[in-house]
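Colleague: Here you go, one structure.
The values are calculated or read from the model by the stated rules, or taken from the named source; none is laboratory data. The model shown is predicted, which means the values in this text are computed figures rather than measured ones. Glycine gets a Cβ as well: all are built from the backbone with ideal geometry, and neighbour counts include every protein chain shown.
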Amino acid sequence: MSALAEPTARPRRNRAVGDRVFAGLARAAGITILLALAGVFVFLLIKGVPGLGVDKSNYAGFSSFWALVWPLLWGTILIAVLALIVAVPFSIGIALFITHYAPRRLATPVAYVIDLLAAVPSVVYGLWGGTTLALAIRPVVAWLAGHASWFPLFRGPYAGTGQVGMTAVLVLAVMVLPIITAISREVFAQTPKLQTEAAIGLGATRWEVIKLAVFPHARSGVVAGIMLGLGRALGETMAVLMVYSSTPRVTFNVAGNSSPQTIAAYIANNFAEANNDRRAVLIAAGLILFAFTFAVNFLARWVISRNERRMAR
């Protein structure tokens with residue numbers, strides 16, 4: 001009797017050891033990420049706080065640090081939000097096409113191509129945006145600046161080069177598109193079959209199935225994908241820096257030569273030649289960007305968890 005029980009006891013013991021090892025590794029990985037995040041915050045805090053009270057000559061013509069960082073934060077938010085406005089409809093449309101409309105022989109290669117776009121380096125997007133895209137949209141930007149200047153986004157004067165804020169918006173939209181598409185595609189594909197089949201059985205059209213069964217189930221996942229895309233857009237540096245250059249200003253204009261500047265691009269453009277005080281100012285600006293990005297992601301997690309609790313009722 002004991003001889004028969006011994007072989008079954010060993011696999012259970014091995015599984016228990018494996019579970020403990022895996023749990024320890026997962027816990028260590030989570031703690032490491034938290035420590036790294038805390039280390040970045042402490043570094044920015046120690047090195048950046050002195051930049052709040054340096055001589056006014058280090059604030060690029062502004063009277064104080066907050067007078068400098070507010071236009072930069074405004075430009076960061078404006079460029080990132082406009083990029084999301086462009087990218088989100090395309091991302092959701094592509095994800096729905098892959099999961100619900102395209103035949104498998106077409107959906108698979110399209111999904112592969114979208115996933116590969118996420119692996120393209122930022123500098124490649126910057127080169128493409130600053131040379132090819134800027135030239136391609138130059139007539140469009142010129143027309144908007146000339147005929148739609150009543151709208152704040154297209155208020156001139158137009159510089160004539162195409163290297164304006166609108167080009168950066170389109171480049172960032174292409175960069176965040178694969179992230180939002182990939183996550184949306186996965187959550188759309190995980191919609192329970194019983195829900196979709198029940199909707200079809202009741203006579204719903206394909207769009208009604210998507211609206212009534214797919215979207216409610218995938219809402220939190222889509223929001224998570226959009227927030228990840230927003231985080232990528234907020235922190236992007238090289239692509240924005242290579243597409244256009246500007247100075248800190250609060251404006252809606254993205255079609256003229258006075259487009260707003262982002263924090264990340266401003267830091268990268270000035271860090272190499274900065275003295276110690278000026279470098280402290282730039283690090284303090286990085287601290288503001290870090291805190292803002294963290295707050296946006298925290299808010300997104302709260303919205304997602306609230307939606308999941310509501311869906312679970």
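Colleague: Looking at S57, is it at pLDDT below 90, part of a helix (DSSP H, G or I), closer than 28 Å to Y266 by Cα and of a type in the set (S, T, N, Q)?
Modeller: yes
Colleague: Looking at region 241-298 only, could you name the residues that are of a type outside the set (F, W, Y), outside any helix (DSSP H, G or I) and in contact with a Leu (Cβ under 8 Å, 6 or more places away or on another chain)?
Modeller: P248, N253, V254, A255, P260, Q261, T262, A274
Colleague: Here's a follow-up. Does any residue of region 11-25 turn out to be in a helix (DSSP H, G or I), of a type outside the set (D, E) and at pLDDT 90 or above?
Modeller: Yes: region 11-25 contains one or more residues that are in a helix (DSSP H, G or I), of a type outside the set (D, E) and at pLDDT 90 or above.
Colleague: Considering A134, A119, A145, which residue is of a type in the set (G, A, S) and within 30 Å of V222 (Cα to Cα)?
Modeller: Only one candidate qualifies: A119.
Colleague: Can you go through P71, P89 and tell me which one is touching a Lys or Arg at 6+ places or on another chain (Cβ under 6 Å) and part of a helix (DSSP H, G or I)?
Modeller: That would be P71, the only listed residue that is touching a Lys or Arg at 6+ places or on another chain (Cβ under 6 Å) and part of a helix (DSSP H, G or I).
Colleague: Just to be sure I understand the filter: pairs with C-beta atoms under 6 Å, separated by 6 or more residues or on different chains, first member in region 218-229 and within 16 Å of Q195 (Cβ to Cβ), second member of a type in the set (A, V, I, L, M, F, W, C) and modelled with pLDDT under 85. Which pairs pass?
Modeller: Pairs found: S220/I304.
Residue-by-condition table, conditions (1) within 23 Å of the chain's Cα centre (by Cα); (2) under 27 Å from T132 (Cα atoms):
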position: A204; (1), (2): no, no
position: V223; (1), (2): yes, no
position: G231; (1), (2): yes, yes
position: T237; (1), (2): yes, yes
position: S246; (1), (2): yes, yes
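Colleague: Restricting attention to helices (runs of 4 or more DSSP H) lying wholly within region 159-216, give those where 3 or more residues are within 30 Å of S149 (Cα to Cα) and either in contact with a strand residue (DSSP E or B) (Cβ under 8 Å, 6 or more places away or on another chain) or not charged (D, E, K, R) (or both).
Modeller: Counting at least 3 such residues, we get 165-189.
Colleague: Out of the residues in region 154-185 that are over 30 Å from S220 (Cβ atoms), hydrophobic (A, V, I, L, M, F, W, C) and touching a helix residue (DSSP H, G or I) at 6+ places or on another chain (Cβ under 8 Å), which is surrounded by the most Cβ atoms within 10 Å (Cβ to Cβ)?
Modeller: By that ranking, first place goes to M166.
Colleague: Out of A268, A295, A274, I need the residue that is more than 26 Å from Y125 (Cα to Cα), surrounded by 15 or more Cβ atoms within 10 Å (Cβ to Cβ) and free of Cβ contacts under 8 Å to residues at least 60 places away in the same chain. Which one?
Modeller: A274
Colleague: Could you please find all residues in region 246-263 being aliphatic (A, V, I, L, M) and surrounded by 22 or more Cβ atoms within 10 Å (Cβ to Cβ)?
Modeller: V254, A255, I263
Colleague: Still on this structure: Just name the residue that is nearest to I94 (Cα to Cα) out of those in region 144-191 that are without any contact (Cβ under 8 Å) to a residue 60 or more places away in the chain and among the aromatic types (F, W, Y).
Modeller: Filtering first and then ranking leaves F151.
Colleague: I'm told L78 meets every condition in (1) part of a helix (DSSP H, G or I); (2) surrounded by fewer than 16 Cβ atoms within 10 Å (Cβ to Cβ) except one. Can you identify the failing condition by its number?
Modeller: (2)
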